[in-house]
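Heads up, the thing below is written out as structure tokens.
The values are calculated or read from the model by the stated rules, or taken from the named source; none is laboratory data. Computed from a predicted structure; not experimentally measured. Neighbour counts are summed over all protein chains in view; Cβ atoms, including those assigned to glycine, are modelled from backbone coordinates with ideal geometry. These accessible areas exclude ligands, DNA and RNA; they are computed on the full protein's heavy atoms, side chains included. Shrake-Rupley method; radii C 1.70, N 1.55, O 1.52, S 1.80 Å.
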There are 2 protein chains.
Amino acid sequence: MPHYRAPVADVVFLLEDVFAMSRLNNLSGFGEMTSDVVAAVVHEAARLTEHEFLPLNRVGDLQGCKRHADGRVSTPEGFGTAFAAFAEGGWIGLAADPEHGGQGLPYTLSAVMNEFSSSANMALAMYAGLTISAVAAISTHASEELKRIFLPPMIAGRWTGTMNLTEPQCGTDLGLIRTRAVRLDDGSFRITGTKIFISAGEHDMAENIVHLVLARIEGAPEGTKGISLFIVPKFELRPDGALGSPNGVTCGSIEHKMGIHGNATCVMNYDGARGFLVGEENRGLAAMFVMMNEARLGVGAQGLAQSEVAYQNAAAYAKERLQGRAPTGPKAEGRAADPILVHPDVRRTLLWIRAFNEAARALMLWTSLKSDVAHRSEDDAERREAEDLLGLMTPVVKGVLTDIGFDNTVKAQQLFGGHGYIAEWGMEQFVRDARIAMIYEGANGVQALDLVGRKLPKDGGRAVTAFFAELHGFVREHASDDAMTPFVAPLEHGLDHLQSATTWLARNGFKNPDDAAAASTDYMHLMGLVALGYMWARIAKAAMIKRRAGDGVAAVMDAKLVAGRFFMERIMPETALRLARVVAGSDAVMAMPDDMF
Amino acid sequence: MPHYRAPVADVVFLLEDVFAMSRLNNLSGFGEMTSDVVAAVVHEAARLTEHEFLPLNRVGDLQGCKRHADGRVSTPEGFGTAFAAFAEGGWIGLAADPEHGGQGLPYTLSAVMNEFSSSANMALAMYAGLTISAVAAISTHASEELKRIFLPPMIAGRWTGTMNLTEPQCGTDLGLIRTRAVRLDDGSFRITGTKIFISAGEHDMAENIVHLVLARIEGAPEGTKGISLFIVPKFELRPDGALGSPNGVTCGSIEHKMGIHGNATCVMNYDGARGFLVGEENRGLAAMFVMMNEARLGVGAQGLAQSEVAYQNAAAYAKERLQGRAPTGPKAEGRAADPILVHPDVRRTLLWIRAFNEAARALMLWTSLKSDVAHRSEDDAERREAEDLLGLMTPVVKGVLTDIGFDNTVKAQQLFGGHGYIAEWGMEQFVRDARIAMIYEGANGVQALDLVGRKLPKDGGRAVTAFFAELHGFVREHASDDAMTPFVAPLEHGLDHLQSATTWLARNGFKNPDDAAAASTDYMHLMGLVALGYMWARIAKAAMIKRRAGDGVAAVMDAKLVAGRFFMERIMPETALRLARVVAGSDAVMAMPDDMF
């Protein structure tokens, strides 16, 4: 069975040494976040996921979810107990408003838990993640009455949440939604339609399920401007808050998927189910986007999470598996062969994954802290700056961390040779589970279009200008620091490429939208590389300082510097290639006649 | 259900217009290969795979193979019938010696069938492919008596073949083989040991199974110098050739795999089974390598095959799926949305796969023709040249076509959004099936080491020198042809990068073998890019000529030129990145202490 040790020390190092989280103590919820408290929270997240989630990962893959003839869905053995432990630990409401049962702690710590739990058991973690996202959407947009009814049981984990967007004819293009809402005299609605790909749509782990559903109110405008958001509970609620009769929503079937078998991906049939409007009529997409943005960061972290657990298992295997000899001569003379870790190509593969993981974790936490600032700061300028960066980085975190995270699970699997292809070893499950993260919450091509088409031009390019300014500032600040040159010089080079690409897009993308769209995926990865390179430069700086402090962590900090150097030498040069593809334009892409594809 | 149309026209164009196969008519088996005959063979390969193999692809994935309590193994419904049709069509012995029932036709046509059948049903095609490889090994190394006994029923498809190398403690490092052979008085051997990952190891589709087994004869030297190759039939043979009693070889279990469920991957237990020595004692690896080299080309073609079928389905979906509008405004005004093919990022993805597939097919056929020349030419110099190139390209075809082929199945799956993750659509099966090709027949990291450590330095670098000379010759020849500049200029640029990398390896790899090993995978991909770029330049030239002939194929030839331009603009620039990684050396790779991984 695969093993997993949550990267507690790395998280604490990033939060304290690299990002100086304690400096944010003016934000609500951050005041009591002393080093000790942060460490205790992170340790507890590690304990829970290692002990309760990990042992069920393969069980969940093998057993999957079963739909019974009456529409009930059974989850894999043990899932209910593990989910209850998660809820009892207060993790669902960690960052939620104390007024409704939350703890009001930093969202960033919830993001840490999201990474750990997704490494240990992604299918199980999704039940929690969707509930957390639904809590966020309800908190932001619903009326006080709806909050009072729905938030406490969701935060307690007695009720879970779902997101209902997709329909058979409607995926990315939400303007095609057909699900109808008919207004009733009491102000509630009757919802009718079919939703597909609904994660955690039906299961046996909660007393009630709170579906957030996009639908079109009778007479609403066509397209995206006529879509509203509704809460549709699985069971109706009596005036006293107790559960009433089943609402008109049922699971029609469970999809047979490539992976995340432990999560019930349902076709949900709404047949005149009672729903409650969340936020304003016809403004449902805006409300859902709040949920989607947090969910996108969470999905980005799933890419990292699978990459991390795959790395840990591949590194362990490389130390144990004896096969062949080192190119420079035997290293384990007394044994039949050397551990395969002696092979430079094996080390290269492991370092590649590692160099990504540590920077990706930094990027995820950096962006999460921006989210905390954006939601909690009382300084308008600070809040606006954080919002800008959060918006800019959300598609990058989602698209790049899941693309590379998936590739890394494949790389890690490769080190096992034939054993990597055999289910018992668990490596192929990581590949299958990680694959979905590139698709859901907006396929990565859609993330790239969001970045190039919306986030870049927004407010006259204010966000990207600020991002460039921050990186240039860092480069300038360390220009005369020789120890930092191996990190700063490649970063500056990559930043040049990113700026050239941005200028090219500004010049050409407006004139010819096809140029922008054809460049979008490569541009997103170019920005991802630069963002990850910036993270490495910041990690390197903190590691050098911590190393000099000489508090027994020198070996760990030196290892970080090696991984960072590897990133700069092997991964960062890709920025030139991405730029070349961006400026290749759309001529060849558009020249192929449709019928020749 | 996924669809598949074998690329008949493309194969005929490559064989006739690009590689002028008819000029090889002095080779045995090529004399009767007129255009009509070649076209007829390729059409028949298409018919058989589209009609007999394709409909069983999903059936095979769903049903898999079942081992019964008595050790028998059942294959999926219909597999036996389809395999019989393949055998009855003469495809197993297509290139085999007519003396033993073969047709003596070009191996290249067998390679074409391998691509088609692997697209239509990879798990099923493997039963045939392993038999063809076993026929090749027996033909080359076994005694006349063994050939007489085993080849005719194998070529007729009544008996199938397997390769038995791997053991639990022994994968890449075949020196660790423990399976023992004890000599009997009659000159045969008793074989005892356990082999794992044996594809087609036991099944119900043939009367007998001919296992080719690596084992160590009592008293043989340690390591790879003490390994011999044996034929071990499932059933013993009576003196009259009829099947006798079961030999001491049984299937202990079937592996649970990520994909190719329709192929029975067995643990095979040899318990004093009677075996017959193939070739010389202790020279088993050399004999097995003949089989492995052909098998490696075949596995490379599997990467292409999965990429091709995934492309076809993604292209069809992109034309049908309505979602969103083109960036430049609606294209399908009367409909709810445009087909997603209007999106530049979708077109980019499709063109990417297509630009790879057409060049990969060319590379596969070019290399296969070299194999025919190497085995059949009577001109020593011509044969040696072809052998050199075949040896150089084998790891490139295996490693690069399977790496990129797999990536392409992932790209094609991505275009389906959530539907790509659902089993019913068939796209996720292509990903799972394609994944094994990067692993078996020598994991791709091993291919890279074979290229850098063996094939490059062999005979003083004669093969790579000849490869460079051929490409330089092509570049020079077309230097003043403006129409060819978009193809020749990027090719020359890539060739420069490859030569720089080769020089760097020659200078540093000998001094420090870690440098060569750390560079190996990037070097292999660099050579792959240049080889594929060369193929595109040759395709472009032939397409321009054919286009001018104006025989109604202008649109198809123009489409090739677009795909080729896309390759040169978007894919070829990767050579610079690969060079940067090669010359990064092994310092960072080796600097990480083992216990820090």
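Here are the numbers for this structure:
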| item | result |
| --- | --- |
| Counted residues, segment B:404-413 - those being touching a Ser or Thr at 6+ places or on another chain (Cβ under 9 Å) and crowded, with 23+ Cβ neighbours inside 10 Å | 6 |
| Residue list for segment A:300-326, restricted to those being away from every other protein chain (no Cβ under 13 Å) and either open to solvent by 10 Å² or more (accessible area, probe 1.4 Å) or of a type in the set (D, E, K, R) (or both) | A:302, A:308 |
| Residues satisfying the stated conditions in segment B:575-587, i.e. open to solvent by less than 50 Å² (accessible area, probe 1.4 Å), more than 7 Å from chain A (Cβ to nearest Cβ) and more than 18 Å from residue B:400 (Cα to Cα) | B:585 |
| Residue match in segment B:105-121 (condition: more than 23 Å from residue B:293 (Cβ to Cβ), surrounded by fewer than 24 Cβ atoms within 10 Å (Cβ to Cβ) and touching a Pro at 6+ places or on another chain (Cβ under 9 Å)) | no |
| One residue from B:519, B:501, B:506 being small (Gly, Ala, Ser), in contact (Cβ under 8 Å) with a residue 24 or more places away in the chain, open to solvent by 10 Å² or more (accessible area, probe 1.4 Å) and assigned by TED's automatic domain parsing to the domain that holds residue B:582 | B:506 |
| The one condition in (1) within 29 Å of residue B:450 (Cβ to Cβ); (2) among the aliphatic types (A, V, I, L, M); (3) in a loop (DSSP other than H, G, I, E, B); (4) under 24 Å from the mean Cα position of the chain (by Cα) that residue B:205 fails to fulfil | (1) |
| Odd one out for residue A:350, checked against (1) among the aliphatic types (A, V, I, L, M); (2) within 19 Å of residue A:108 (Cα to Cα); (3) at the interface with chain B (Cβ under 9 Å from one of its Cβ atoms) | (2) |
| Qualifying position, being touching a residue at least 12 places away in the same chain (Cβ under 8 Å), touching a helix residue (DSSP H, G or I) at 6+ places or on another chain (Cβ under 8 Å), under 30 Å from residue B:587 (Cβ atoms) and within 14 Å of another protein chain (Cβ to nearest Cβ), among A:590, A:572 | A:572 |
| Filter result for the condition that a residue is open to solvent by 50 Å² or more (accessible area, probe 1.4 Å) and small (Gly, Ala, Ser), over A:219, A:223 | A:219 |
| Answer from B:535, B:524, B:544 - the residue that is over 20 Å from residue B:470 (Cα atoms) and assigned to a helix (DSSP H, G or I) | B:544 |
| Enumerated strands (runs of 3 or more DSSP E) restricted to segment B:237-279, each holding at least 2 residues that are of a type in the set (D, E, K, R) | B:265-278 |
| Any hit, segment A:186-194, residues being assigned to a loop (DSSP other than H, G, I, E, B), modelled with pLDDT under 95 and either outside the structural domain of residue A:132 (by TED's automatic domain parsing) or surrounded by fewer than 19 Cβ atoms within 10 Å (Cβ to Cβ) (or both) | no |
| Every pair of residues 6+ apart whose Cβ atoms lie under 7 Å, when the first sits in segment B:1-29 and is on the phi < 0 side of the Ramachandran plot and polar (S, T, N, Q) while the second is part of a loop (DSSP other than H, G, I, E, B) and surrounded by fewer than 17 Cβ atoms within 10 Å (Cβ to Cβ) | B:25/B:31; B:28/B:104 |
| Among the residues listed as A:584, A:554, A:549, the single one being within 26 Å of residue B:581 (Cα to Cα) and aliphatic (A, V, I, L, M) | A:584 |
| The lone exception for residue A:416 - which of (1) in the same structural domain as residue A:541 (by TED's automatic domain parsing); (2) aromatic (Phe, Trp, Tyr); (3) open to solvent by less than 20 Å² (accessible area, probe 1.4 Å) it fails | (1) |
| Selection within segment B:41-67 - open to solvent by 60 Å² or more (accessible area, probe 1.4 Å) and of a type outside the set (D, E, K, R) | B:43, B:51, B:62, B:63 |
| Helices (runs of 4 or more DSSP H) lying entirely in segment B:107-155 (those with 2 or more residues that are of a type outside the set (D, E, K, R) and modelled with pLDDT under 95) | B:122-141 |
| Test: residue in segment A:506-516 that is aliphatic (A, V, I, L, M) and within 14 Å of residue A:397 (Cα to Cα) | no |
| Count of segment B:419-440 residues which are in a helix (DSSP H, G or I) and hydroxyl-bearing (Ser, Thr, Tyr) | 1 |
| Given (1) among the small types (Gly, Ala, Ser); (2) closer than 29 Å to residue A:258 by Cα; (3) out of contact with any strand residue (DSSP E or B) (no Cβ under 6 Å at 6 or more places or on another chain), number of the condition residue B:286 does not satisfy | (2) |
| Among (1) open to solvent by 30 Å² or more (accessible area, probe 1.4 Å); (2) at negative phi; (3) of a type in the set (Gly, Ala, Ser); (4) more than 7 Å from chain A (Cβ to nearest Cβ), the one test that residue B:552 misses | (2) |
| Any hit, segment B:277-295, residues being within 30 Å of residue B:428 (Cα to Cα), modelled with pLDDT of 95 or more, more than 14 Å from every other protein chain (Cβ to nearest Cβ) and touching a helix residue (DSSP H, G or I) at 6+ places or on another chain (Cβ under 9 Å) | no |
| Count of segment B:350-397 residues which are assigned to a helix (DSSP H, G or I), free of Cβ contacts under 8 Å to residues at least 24 places away in the same chain and either within 30 Å of residue A:445 (Cα to Cα) or not aliphatic (A, V, I, L, M) (or both) | 6 |
| Tally, over segment B:163-173, of residues that are farther than 11 Å from residue B:229 by Cβ and either of a type in the set (Val, Ile, Thr) or more than 10 Å from chain A (Cβ to nearest Cβ) (or both) | 3 |
| Subset of segment B:466-480 [surrounded by 13 or more Cβ atoms within 10 Å (Cβ to Cβ) and either among the hydroxyl-bearing types (Ser, Thr, Tyr) or under 10 Å from residue B:492 (Cα atoms) (or both)] | B:471, B:472, B:474, B:475 |
| Residues being facing chain A (nearest Cβ under 9 Å) and either hydrophobic (A, V, I, L, M, F, W, C) or farther than 20 Å from residue A:581 by Cβ (or both) - total across segment B:332-347 | 7 |
